[in-house]
Amino acid sequence: MAIIEFPKEMKWGAATAAYQIEGAALEDGRGLSIWDTFSKTPGNVLNGDNGDVACDSYHRYKEDVQIMKELGINVYRFSISWPRIFPAGTGEINQKGLQYYHNLVDELLENGIEPMCTLYHWDLPQALQDQGGWENRKTVDAFADYAEQIFKEFDGKIKKWITINEPWCVSFLSNFIGIHAPGFQNLKLATDISHHLLLAHGKAVARFRDLKVEGSIGYAPNTEWLEPFSSKQEDIDACNRGMGWFIEWFFDPVFKGQYPHFMLEVFDKHGAAPAIQAGDMEIISQKIDFVGINYYTGSVGRYKKDADLFDLEKVDIGYEKTDFDWNIYPEGFYKVLLKIKDQYGDIPVYITENGACYNDEVENGRVKDQGRIDYLKQHLTSLKRAMDSGVQIKGYLAWSLLDNFEWAEGYHKRFGIVHVDFNTLKRTKKDSYYWYKQTVKNGWFDM
Ligand SMILES: N#[N+]C[C@@H]1[C@@H](O)[C@H](O)[C@@H](O)[C@@H]2O[C@H]12
């Protein structure tokens, strides 16, 4: 067996998001989000699930922090619910909402765990959606005002900040593919929203710098690897276009100050090039301190005219899959990280999400989730290989601490290293929790 060992200074953590774990959706002055509306529209979420209760972490955060403390992690990524702070999206502040996050952050700090805060993890205030949502440039400024409020409130307590989680999901999955809130299917709308999200990111970074907030700031794009089916150039080009949708489209504006021409060509062909105003790209491309990378899976792809926007067809060549029916493809993790380093330079990287869906259940008080342990081992081995190839990895945060509301899949899809019984809200540490605990303690594991 091989020992996979990590630097002593590497951070180890776990990640969650507000709408997926908090519950208390109608409590203490919280306003509605687009996910409250979307999840309660019949047919949008499996089994009609919603985030009204979720893991009830709003009330159980102290228990959850003790679970983290026993786990031994030193960083915890959570998100702030914008409508819990600004119920109408702007204007009056909900003090009880702020107080909840002070309580959570204080509990983390008292237990030696560093908070990493995501400002936007998909739960846009419904009041802003009613005014056009991310399609409306006014939402960009509303986000910057919300971010400024949070920076001022938590400066000195929170020192790692993420502006936007997975802008591809917020724009294309939610407004072109349409399976996430608010559920539109319009490519031009989606590309305009992708631009406004990057603008919102940039404006929040500008406020962060202007306020001289202590700490570091970045964003957390989602990534995927597409391996060409053959060495034919048409297959290679199709895969590069497909990855460009996740990577270059959201990295080039931030790191190069312009959209990738090959992607603009694709969107322009469909009459969907984004509306860019003078000065936008300068705002978007100001320096950030780190990039968060979310990686789950990869696929094999080949050229097929009109198969999708990119003339790309995914091919199932029999990779083992998780219960989300996603390929287990750790090689792609390595390749994504090297691609980002090669194309965008030696930017510090946090793996802000990586994990596996297995719909495991408790049997005699135990959850035997060897599949998740194997997934983590394989992907951490790829991560170490990327680090040995020069990628500046600052930390790894497993998705997720808890089984939680998995968006359109509801509570059926489980990503946690801790099982949650959604009838009783009982937490049960899985075998993967104990494996991860030992790995965090040692800084190595036996492959
Ligand atoms: N699906 N899936 C699991 C996980 C989702 O639960 C997170 O909220 C997202 O940031 C990202 O999509 C990844």
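Sum -39500 (n - 2.57) across every DSSP H segment of at least 4 residues in the chain, then divide by the residue count to get the 222 nm mean residue ellipticity, nearest 500.
-12000 deg cm²/dmol
Take the Cα of Glu331, step 7 Å toward its Cβ, do the same at Lys40, and the gap between the two points is 4.8 nm. Its relative contact order, with pairs defined as Cα atoms under 8 Å and 6+ residues apart, puts the chain at 19 percent.
By DSSP, the beta bridges lying fully in region 266-373 are antiparallel in about 60 percent of cases.
For the chain, what is the percent of antiparallel DSSP beta bridges, rounded to the nearest 5? Intermediate values should be presented prior to the final figure.
Numbers: 13 of 51 bridges.
Around 25 percent antiparallel, to the nearest 5.
Please work out how much length the chain gains when fully extended from Ala206 to Leu338, using 0.36 nm per residue of separation minus the C-alpha to C-alpha distance, in nm with one decimal.
Numbers: separation 132, 0.36 × 132 = 47.52 nm, distance 2.84 nm.
So the chain would gain 44.7 nm between Ala206 and Leu338.
Measure out, as a whole number of angstrom, how far apart the alpha-carbon centroids of region 1-45 and region 298-324 sit. Result: 28 Å between the Cα centres. Taken along the Cα-to-beta-carbon direction at a fixed 7 Å, the label points for Glu214 and Lys305 span 6.2 nm.
Only one residue of Gln99, Thr163, Asn111 has its Cα farthest out toward the positive end of the dipole of region 30-180, where Lys and Arg carry +1 and Asp and Glu -1 on Cβ, and that residue is Thr163.
Which of the DSSP-defined H helices in the chain satisfy a minimum axial length of 30 Å, computed from C-alpha atoms, and a minimum mean Kyte-Doolittle hydropathy of 0.0? Kindly include the intermediate steps, with their values, before the conclusion.
Working: long enough: 187-210 (34 Å, 0.10).
The qualifying helices are 187-210.
Stretching the chain fully between Glu265 and Asp141 yields a gain of 41.8 nm (0.36 nm per residue, less the alpha carbon separation). Packing, as the average of other Cβ atoms within 10 Å across residues, places the peptides 62-69, 412-419, 145-152, 239-246 in the order 412-419, 239-246, 145-152, 62-69, highest first. Packing order of peptides 174-185, 216-227, highest average first: 216-227, 174-185 (average count of other Cβ atoms within 10 Å over each peptide's residues). So what's the net charge close to Gly72: Lys and Arg +1, Asp and Glu -1, counting the other residues with Cβ under 15 Å from its Cβ? Result for the local shell: +3.
Values quoted throughout were computed directly from the atomic coordinates according to the rules given, and no laboratory measurement underlies them. Quantities reported herein were computed from a predicted structural model and do not represent experimental measurements. A quick note on method: Cβ atoms are made from the backbone with ideal geometry, for glycine too, and the neighbour counts reach across all protein chains shown.
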